[in-house]
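First the structure, in the form of C-alpha cells, and then the observations on it.
The values are calculated or read from the model by the stated rules, or taken from the named source; none is laboratory data. These numbers were taken from a predicted model, which means no experiment stands behind them. Glycine also receives a Cβ, built like all others from the backbone with ideal geometry; neighbour counts cover every protein chain displayed.
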Amino acid sequence: MNRGFTLMELGIAVVLAAGVALISGGTIVTLRTSERRTRAYTEDITGPRRAVRAIEADLRANRSDTCRLVDGELRRGDVVLARRIGRFEIHREGDVWVARIGMEPRAVTGQARKPVVTVRVRPREPGR
C-alpha cells in the first residue's frame with residue numbers, strides 16, 4: 001500500500017494556501033488603511049473640539065485676543081490647540097462674540113473639510 005500525497009494533491013494544497021494568504025493579506029491592508037483614516041478623522045475632530053472649548057472659555061471671560069493662528073496651528077499662548085486650521089476669526093456682533101474655525105483642505109485629496117465651526121458666546125457680566 002502506497003502512502004503519501006500525489007503531486008496533484010500537493011499542488012492543490014499549495015494553491016489553496018496561497019489563496020488564503022492573498023485574501024488575508026488584502027484584509028490586513030484594508031484594515032490598516034481604515035485605521036489610518038480613522039486616526040486622521042479623530043485628530044481632525046479632537047483639535048477643533050479642544051480649541052472651541054478654550055475659545056468659548058476665553059470669550060465668556062471677555063478675552064478675545066488669547067488665541068491666534070500661526071502657520072496652520074491654532075495657538076493659545078505657547079500651547080497648540082489644533083493643527084491644520086485654515087480659518088480662524090473672532091468678531092463682535094452686538095453683545096455676543098462670534099468665533100469661526102475652519103480646517104485646511106486634506107493634503108491627500110485636496111477636499112475641503114467641513115464644517116466651519118461657529119461659536120457664539122455671550123460674555124459673563126462682571127461680578128458673576
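Okay, here's what the table says:
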read-out: Where a residue in the range 16-33 is surrounded by 10 or more Cβ atoms within 10 Å (Cβ to Cβ) and its partner, wherever it lies, is not in a helix (DSSP H, G or I), with Cβ under 9 Å and at least six apart; value: none
read-out: Of residues in the range 34-72 being among the acidic types (Asp, Glu) and modelled with pLDDT of 85 or more, the one farthest from Arg122 (Cα to Cα); value: Glu35
read-out: Unique residue being at negative phi, exposed (fewer than 14 other Cβ atoms within 10 Å of the Cβ) and not in a helix (DSSP H, G or I) when the list is Arg68, Arg39, Arg53, Arg75; value: Arg68
